[in-house]
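A.B. asks: This is the structure I want to talk about, given as structure tokens.
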Amino acid sequence: MVATLTRMFGVHNLALAEDIVQDAFCRALEVWRFRGVPENPSAWLMAVAKNRALDLLRRERTAVTYEPELARYLQSEWTLAPTLNELFAEDAIRDDQLRMMFSCCHPRLAEDAQVVLILNILCGFSIDEIAAAYLSSHAAIEKRITRAKKVLASSKKLFNITDTADHFSRLPAVHRALYILFNEGYHGASPEAAVRAELCHEAMRLAALLLQRPLSATPVTHALSALMCLDAARLPARLSGSGELLSLFEQDRSLWDRQLIADGLKLLELSAAGPELSEYHIEAAIASVHVMARSVEETDWGQIVSLYDQLMATRPSPVVALNRAIAIGQHSGPECALEEIRGIAKADHLVRYPFYHAALGEFELRGGRNEIAREHFANALTLARNPMERKFFKQRMDACGNSAQRGA
Amino acid sequence: MSEFTFLYRGRDTTASPEQMQKTMEKWRAWFKELGEKGHLKDIGHPLEDAGKVVKGKQKTITDGPFAEAKDVVGGFTLIEARDLQQATELAKGCPILDVGGSVEIRPIQKLNM
């Protein structure tokens, strides 16, 4: 809704658009308290926002400066109503969201700021909800959003999604932001499973919007969507009945979402058009190897290792190197994995990453050196970012203790 | 380029909301075309049929304008065109003609003092 209204009033009037939406929500709450929630609440809200926009446009015909290309049609009664109807039509709203998505990925904004802006404007998350997802304070997120909106407003015009050249130059930033948004949900800090699943779903919804337009439905977009589907398919199995984080090795694979797997594999197939091989292609391919295996043992670890090799060549990072080492451990045994982990370049970036220590612990444990393993898990525990991780590392520490006793 | 006023008469104000919406779409399409060709100075507005008339030195006020519905001015637009002939050609696209109405094309008079 904010996206549509911003299209109408221009990006410099973002605050005005947000006020109208806020107003629509307030009215809705008042009315719904007495009459109950209507059958189609979102259509109802849209209608209220539309009428509110109509009022405002009439009252402030001269006071507000509009998005230039629309101004003339919004200023005359001959064309006001039909123009508004067109702006609020379904496919127009879809385009508004795309336009806003691209606008949020402004090159002057840091990737994190882009994601927070998307969460706030396009996904309608409140500052408190975003703060909860990032385990950050209300004030810190508010500051970040305010600053980002200023940059957005200073850009004067919303991004033109029909300009092919601009579109292609900004598409990678949009992909990246959606990828980060999804990962925030998948691996993010918030202990609340519901918040996290919602972030994943929003990222998937926005990626699906990209797929609906020929210009943005590129092979890379398909690969990114495939990756999201294949990862999201495993979400139902990531928590045990008592709310503990389960690693890939412990998950009940019968809980994986078959529909999402099928969707993901289809998208992966579609992503194979054209010569470009993005990191999303490779990551989706890795995810596809996992979801197609019936068990850890039946997983084609050799293929996964070679995919990680490709990923290291395309987008090298210490975390990718760590994941590659873990795959090597599955393929060639714990000693090889330990050797690989010790050989990671820029390992100092990983020292603050709890799963680095957990991986060392895991392979030391498999090598039978329980005491060393226990120390690694203890290190991981001190770095744990949320209660779920803490619980998980404690449980791994206990595993070392128990088998040490059994050995004695 | 010269400026002209289009005065529309004979708007169908009794149409159903659905018909009304269709009609407004036609108007918008027409204005859009004029705008893209650079002929639109000011879209102007549609006007209600009834209002008040103030008349004469006594400033007497009456309800008005009391003309036949088809003779009441139902809206106006400011147009830019090369000459009266071109402005008249442009007026031929007006949707009001479909419902039996008329467009009056009047050049803006330049008063030199």
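The values are calculated or read from the model by the stated rules, or taken from the named source; none is laboratory data. These figures come from a predicted structure and were not determined experimentally. No Cβ is skipped: glycine too gets one built from the backbone with ideal geometry, and neighbour counts run over all protein chains shown.
A.B. asks: Among the residues of the stretch A:324-346, are any farther than 30 Å from A:Leu277 by Cβ, polar (S, T, N, Q) and over 30 Å from the mean Cα position of the chain (by Cα)?
C.D. replies: no
A.B. asks: Looking at (1) within 14 Å of chain B (Cβ to nearest Cβ); (2) outside any helix (DSSP H, G or I); (3) surrounded by 20 or more Cβ atoms within 10 Å (Cβ to Cβ), which one does A:Pro82 not meet, given that it meets all the others?
C.D. replies: (2)
A.B. asks: Just checking, which of A:Val351, A:Val289, A:Val320 is over 25 Å from A:His175 (Cβ atoms) and either within 23 Å of the chain's Cα centre (by Cα) or free of Cβ contacts under 8 Å to residues at least 12 places away in the same chain (or both)?
C.D. replies: Numbers: A:Val289 fails: over 25 Å from A:His175 (Cβ atoms); A:Val320 fails: over 25 Å from A:His175 (Cβ atoms).
Among A:Val351, A:Val289, A:Val320, only A:Val351 is over 25 Å from A:His175 (Cβ atoms) and either within 23 Å of the chain's Cα centre (by Cα) or free of Cβ contacts under 8 Å to residues at least 12 places away in the same chain (or both).
A.B. asks: Checking A:Ala28 against (1) surrounded by fewer than 15 Cβ atoms within 10 Å (Cβ to Cβ); (2) more than 22 Å from A:Met101 (Cα to Cα), which single condition isn't satisfied?
C.D. replies: Against the list (1) surrounded by fewer than 15 Cβ atoms within 10 Å (Cβ to Cβ); (2) more than 22 Å from A:Met101 (Cα to Cα), A:Ala28 comes up short only on (1).
A.B. asks: Only one of A:Leu338, A:Leu360, A:Leu311, A:Leu365 is under 27 Å from A:Ile261 (Cβ atoms), crowded, with 18+ Cβ neighbours inside 10 Å and not small (Gly, Ala, Ser). Can you tell me which?
C.D. replies: A:Leu311
A.B. asks: Restricting attention to the stretch A:50-80, which residues are modelled with pLDDT of 80 or more and among the small types (Gly, Ala, Ser)?
C.D. replies: A:Ser76
A.B. asks: Evaluate the following for A:Asp95: is it more than 14 Å from chain B (Cβ to nearest Cβ), more than 30 Å from A:Met388 (Cβ to Cβ) and more than 17 Å from the chain's Cα centre (by Cα)?
C.D. replies: Spelling it out, A:Asp95 is indeed more than 14 Å from chain B (Cβ to nearest Cβ), more than 30 Å from A:Met388 (Cβ to Cβ) and more than 17 Å from the chain's Cα centre (by Cα).
A.B. asks: Can I ask one more? Can you tell me how many residues within the stretch B:23-80 are of a type in the set (D, E, K, R) and closer than 18 Å to B:Arg11 by Cβ?
C.D. replies: Counting residues in the stretch B:23-80 that are of a type in the set (D, E, K, R) and closer than 18 Å to B:Arg11 by Cβ gives 8.
A.B. asks: OK, next. Among the residues of the stretch B:1-29, which ones are within 13 Å of the chain's Cα centre (by Cα) and within 12 Å of chain A (Cβ to nearest Cβ)?
C.D. replies: B:Phe6, B:Tyr8, B:Arg11, B:Trp27
A.B. asks: Let me ask another. Give the number of residues within the stretch B:34-89 that are touching a residue at least 60 places away in the same chain (Cβ under 8 Å) and over 21 Å from B:Gly100 (Cα atoms).
C.D. replies: Number satisfying all stated conditions: 7.
A.B. asks: For B:Ile61, state whether it is away from chain A (no Cβ under 14 Å), over 21 Å from A:Ala71 (Cβ atoms), β-branched (Val, Ile, Thr) and in contact with a Phe, Trp or Tyr (Cβ under 7 Å, 6 or more places away or on another chain).
C.D. replies: Taking the combined requirement at face value, the residue does not satisfy it.
A.B. asks: Take the conditions within 21 Å of A:Ile282 (Cβ to Cβ) and at pLDDT 90 or above and apply them to A:Ala337. Does it pass?
C.D. replies: In short, yes.
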